[in-house]
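Visitor: For reference, the structure I am asking about is given below.
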Amino acid sequence: MKNINILQVNWSDFHTELEFVRRTVFCQEQHVTEEEEMDGLDPNCVHFAASLPDGKIIGCCRMRGNKMERLAVLSEHRKSGAGRLLVDSALKFAATAGYSEVNIHAQTSVVEFYKKSGFKPHGEEFYEARIPHYHMTAKLTE
């Protein structure tokens, strides 16, 4: 496993690196349109970046209120643990911020990944950006 650091970063300081990861994963690999991906909400979100020891950003996610969004890891770094570390950091942030749960729209292909972090699917499968998703929720307090 690589030595991966998770940083809470400001959009204004890291937008170039975060946009690169998201455009690579969502726009190039998954054919999400630029307009759908770059929704203008980033300046008002809390961002997390997965970084290698050399400072290269290989993954990211954002929190918008109690909703975790835009989790992406560059393909050559998947299965490195970066995604799990990003989810764990976002959940810790949400708990510290006083949220009782975190909600996500999980692509159907990664529902099992999120279940390992305590998310539970609910409702019917739906499409977002032409990709099947499920609503999922992780309870942070009992």
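Visitor: Quick query: amide H of Leu140 versus all other amide H atoms, modeled in the peptide plane; which residues come in under 5 Å with a sequence gap of 5 or more or a different chain?
Guide: Excluding prolines and chain starts, which carry no amide H, the hits are Glu101, Val102.
Visitor: Can you list the HN-Hα couplings for segment 117-127, worked out from phi with the Karplus curve (6.51, -1.76, 1.60; θ = phi - 60°), rounded to whole Hz and with x for Gly and Pro?
Guide: Values per residue, Gly and Pro as x: 9, x, 6, 10, x, 8, x, 8, 4, 9, 10 Hz.
Visitor: If you don't mind, there's one more thing I want to ask. Once the dipole of the chain is set up with Lys and Arg at +1 and Asp and Glu at -1 on Cβ about the Cα centre, which of Asn3, Ala49, Val111 lies farthest towards its positive end?
Guide: Asn3
Visitor: Around Leu71, which amide H atoms from residues at least 5 apart in sequence, or from another chain, sit under 5 Å from its own amide H, with H modelled in the peptide plane?
Guide: When sequence neighbours closer than 5 places are left aside, the close amide H contacts are Arg62.
Visitor: Assuming a viscosity of 0.890 mPa s and a temperature of 25 °C, what translational diffusion coefficient in µm² per second does Stokes-Einstein assign to segment 5-139, Rh being the Kirkwood radius over Cα pairs? Working shown, then result.
Guide: Details: Rh = 15.0 Å.
Rounded, D is 164 µm²/s.
Visitor: What are the ³J(HN,Hα) values, in whole Hz, obtained from phi via the Karplus relation 6.51 cos²θ - 1.76 cosθ + 1.60 with θ = phi - 60°, for each residue of segment 84-92 in sequence order, with x given for Gly and Pro?
Guide: Computed from phi, the couplings for segment 84-92 are 5, 5, 5, 4, 4, 5, 5, 5, 5 Hz.
Visitor: Give, as ranges by residue number, the residues of segment 17-55 whose backbone N falls under 20 Å from the point 7 Å along Cα→Cβ of Asn3.
Guide: Residues 49-55 qualify, since their backbone N sits under 20 Å from the label point.
Visitor: Residues of segment 61-78 with the amide nitrogen closer than 15 Å to a label point 7 Å from the Cα of Ser109, along Cα-to-Cβ, please.
Guide: 71-78, by backbone N distance to the label point.
Visitor: Nothing charged except the Cβ atoms of Lys and Arg (+1) and of Asp and Glu (-1): what's the magnitude of the dipole of segment 102-142 about its Cα centre? Round to the nearest 20 debye.
Guide: Details: 5 positive and 5 negative charges, 26 e Å.
For this selection, approximately 120 debye.
Visitor: What's the exposure ranking of Lys67, Lys92, Lys116, going from fewest to most Cβ atoms within 10 Å?
Guide: Values: Lys67 16, Lys92 12, Lys116 9.
Ranked by crowding around the Cβ, least crowded first: Lys116, Lys92, Lys67.
Visitor: On to the next question. Near Lys139, which aspartates and glutamates are there with a Cα under 16 Å away, not counting those fewer than 8 places off in the same chain?
Guide: Asp88, Glu101
Visitor: Additional query: To the nearest 20 Debye, how big is the dipole of the chain about its Cα centre, given +1 on the beta carbon of each Lys and Arg and -1 on that of each Asp and Glu?
Guide: Here the size comes out at about 600 debye.
Visitor: At 0.36 nm per residue, and after removing the present C-alpha to C-alpha distance, how many nm does the segment from Ser100 to Glu76 gain when stretched out fully? Write down the numbers at each step before the final one.
Guide: Working: separation 24, 0.36 × 24 = 8.64 nm, distance 3.39 nm.
Taking Ser100 through Glu76 to full extension adds about 5.2 nm, to one decimal.
Visitor: Please list, by residue number, every one of the trypsin sites (Lys or Arg not before Pro) in segment 1-40 that is coil in DSSP and has at most 13 other beta-carbon atoms within 10 Å. Write down the numbers at each step before the final one.
Guide: Details: sites: Lys2, Arg22, Arg23; in loops: Lys2.
Here the sparse-neighbourhood loop sites are Lys2.
Readers should treat all values here as calculations from the given coordinates under stated rules, not as data from a laboratory. As the structure is a computational prediction, the values presented were derived from the model and not from experiment. All Cβ positions, even for glycine, are placed from backbone atoms using ideal geometry, and neighbour counts span all protein chains on display.
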